[in-house]
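Nothing in this text is a laboratory measurement; each read-out follows from the coordinates by a stated rule. The shown structure was predicted, so the numbers you read here are calculated from the model rather than taken from an experiment. When we count neighbours, we look across all protein chains shown, and the Cβ atoms used for this are built from the backbone with ideal geometry, even at glycine.
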Amino acid sequence: MKPWHAVGLVVGIVFTAGPRADAAMLTLPEDPKGGSRLDVGVDYENILHRELDGLGASDNDVKRFDAAYLRVQYAVHAMLNGYARIGSGRVTHRIEDTFVNGIGYRDLTFESGRALAWGGGVTGGIGLPWHFKGGYDLNYHTLTADVQDVTHANDDAVDPLARFNRDGSNISGELRWREVQAAAWVARPIELDHAKLIPYVGAKWSRLTLDDNDVRYNVTDAGTTQTITFDGSSKNVTRWGAVLGVRIVYDQRLVIVIEGHEIDDEAAIGSVSWRF
């Protein structure tokens, strides 16, 4: 992991106010005890970078996605926990060297405002030899948000005088995020006084579709005011990624999760929940 990636993960965790918006959050592979079948918590995710394809001649990526959720999870069995999440999120999409309205190749950045985000999934675990635990997580989450800010730029490598970076006005349109994820993990619980420390490592597969739906804005380009219209759809380039995290269970009630992702995306995730 590059040093600045690690710093980004730590900063994202420190500034977490609230799922993770979906990855391999660990569920203890044991049947609930004492009737503690219901978990209620707050999850937060901050994606710092994610490569996309389908648009742009040189680069197409998620510059940022962050979402905070209220999560309700119910344990039917150690191997089957169902959960639902609802909250708010936002996304920033950058496309470099895309051909715009006959003007030429431009760099575009679309930033949404906050909007309703929701999702759900199933998770569970099982005991393995030598005190290890294993498990899975399957989930879906989505967000549709209005575009709030647009940056329209020309980064001409041949003629520096032609370079500019301008904000769009009279903006409309929306960004739509749809993602399916599947993850598997292995953990080794460590028993402490009144608590359990559970470091874990895993792999995940994801399928993300990010749509730029009927984005319109005005901007000065080619010596006059232009009305730009943009529609596009992108998917994640790398489907497989790595998960590394730790889960802390205090007094079998309070559950804290800190998790990071690499390879397919660079993300910091945090969660705090209480078992009833």
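Under a Cβ-only charge scheme (Lys and Arg +1, Asp and Glu -1), can you give me the dipole magnitude of the range 172-268 about the Cα centre, in debye to the nearest 20?
For the range 172-268, the charge dipole is close to 380 debye.
Among 213-222, 176-185, what's the highest-first ranking by average C-beta atoms within 10 angstrom per residue?
Taking the mean over residues of other Cβ atoms within 10 Å, the ranking is 176-185, 213-222.
If amide H atoms are built 1.01 Å from N in the plane of the peptide, which residues on other chains or at least 5 residues away come under 5 Å of the amide H of Arg64?
Thr92
Give me Glu111, Glu259 ranked fewest to most by other Cβ atoms within 10 Å of their Cβ, as a rough exposure proxy.
Fewest-to-most Cβ neighbours within 10 Å comes out as Glu111, Glu259.
Viscosity 1.306 mPa s, temperature 10 °C: what is the translational diffusion coefficient of the range 3-275 from Stokes-Einstein with a Kirkwood Rh over Cα pairs, rounded to a whole number of µm²/s?
80 µm²/s
May I ask for the net charge around Phe110, where only other residues with Cβ less than 15 Å from the Cβ of Phe110 are counted and Lys, Arg are +1 while Asp, Glu are -1?
Here the charged neighbours net out to -3.
Among Val246, His49, Thr227, whose Cα sits farthest toward the positive end of the charge dipole of the range 3-275 (+1 at Cβ of Lys/Arg, -1 at Cβ of Asp/Glu, about the Cα centre)?
The residue sitting farthest along the positive end of the dipole is Val246.
With the radius of gyration and the Kirkwood radius both derived from the Cα set of the range 89-187, what is their ratio Rg to Rh?
1.24
Could you give the spread of the C-alpha atoms of the range 183-276 along their three principal axes, from largest to smallest, in whole angstroms?
70, 26, 23
What is the Cα centroid distance between the range 197-222 and the range 225-276, reported in whole angstrom?
When both Cα centres are located, 12 Å separates them.
Taking K and R as +1 and D and E as -1, what net charge do the other residues with C-beta under 9 Å from the C-beta of Thr151 add up to?
Result for the neighbourhood of Thr151: -2.
Find the all-direction average of the projected area of the Cα convex hull for the range 206-248, expressing the result in square nanometres with one decimal place.
About 5.9 nm², averaged over all directions.
Would you mind ranking Phe132, Phe110 by Cβ crowding within 10 Å, fewest neighbours first?
Least crowded to most crowded, the residues run Phe132, Phe110.
Using the Karplus equation 6.51 cos²θ - 1.76 cosθ + 1.60 (θ = phi - 60°), what ³J(HN,Hα) coupling, rounded to whole Hz, does each residue of the range 216-233 give in order, writing x for Gly and Pro?
Once rounded to whole Hz, the list reads 10, 6, 9, 7, 7, 7, 6, x, 8, 7, 10, 9, 9, 10, 9, 10, x, 9.
Karplus couplings for the range 261-271 from phi (6.51 cos²θ - 1.76 cosθ + 1.60, θ = phi - 60°), rounded to Hz, Gly and Pro as x?
Ordered by residue, 3J(HN,Hα) equals 10, 9, 6, 7, 8, 10, 9, 10, 9, x, 8 Hz.
Placing +1 at every Lys and Arg Cβ and -1 at every Asp and Glu Cβ, with all other atoms neutral, what dipole size does the range 229-276 have around its Cα centre, in debye to the nearest 20?
So the dipole magnitude of the range 229-276 works out to roughly 300 debye.
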